[in-house]
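Bear in mind that the values in this text are calculations on the coordinates, not laboratory data. This is a predicted model, so every value here is computed, not measured.
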Amino acid sequence: MGNYRHHQLFPKLKHIQAFRFPHVCLHCRKSFKYPATTEERCCPQCRAALVMLSRKFSAPPARDAAQWAKIRFLIGHGFRFYSVYEPACGGMKAVRYPATLAEARDFVQKYAAQKVKQAAATAPGCSPDSQAAGNCTPGARARDA
């Protein structure tokens, strides 16, 4: 059994080895972990657009509407739960993300310069034509172009 090297017969695929990032559905309030990709993804349950967030993101329970409202607000203003920093003595200090929607409003104003530039456009997901037609699959946008 020591001479049989089965791992050479079944090479690992790069996308399987990749880190998995949380992709959230703001419609059904669920989080799914997928490898990072340039393709846009859709929710496997409701077919709404998924938004990829930082690996540091931890999704609240689906029943916690207040936390999901805060998440929707932050994503809408370009914050994808990547590290945000403020100047500290001699360097930079990481800032914690807000706990409530009221704190999130102040957070967005204070750290507006550090938001993700890509988020200023529409949230990633399927094109509106694909969603309307019910053809929302991970590669649907590429097919529509």
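Starting from the amide H of GLY78, placed 1.01 Å from N in the peptide plane, find each other amide H under 5 Å away whose residue is 5 or more places distant or on another chain.
Result for GLY78 returns nothing.
Going down the list LYS30/LYS115; LYS56/LYS110; LYS33/LYS56; LYS30/LYS110; LYS30/LYS93; LYS70/LYS110, which pairs span over 19 Å between their C-alpha atoms?
LYS30/LYS115; LYS56/LYS110; LYS30/LYS110; LYS30/LYS93
Once you have a ≥ b ≥ c as the square roots of the Cα gyration tensor eigenvalues for the range 22-119, tell me rounded if a/c is under 1.5, and otherwise prolate or oblate according to whether a/b is larger than b/c.
Values: a/c = 2.21, a/b = 1.57, b/c = 1.41.
Prolate is the answer for the range 22-119, as a/c is 1.5 or above and a/b outweighs b/c.
Pop out the ³J(HN,Hα) list for the range 27-40 in order, Karplus 6.51 cos²θ - 1.76 cosθ + 1.60 with θ = phi - 60°, rounded to Hz; leave Gly and Pro as x.
7, 9, 6, 9, 10, 10, 9, 9, x, 5, 8, 7, 5, 8
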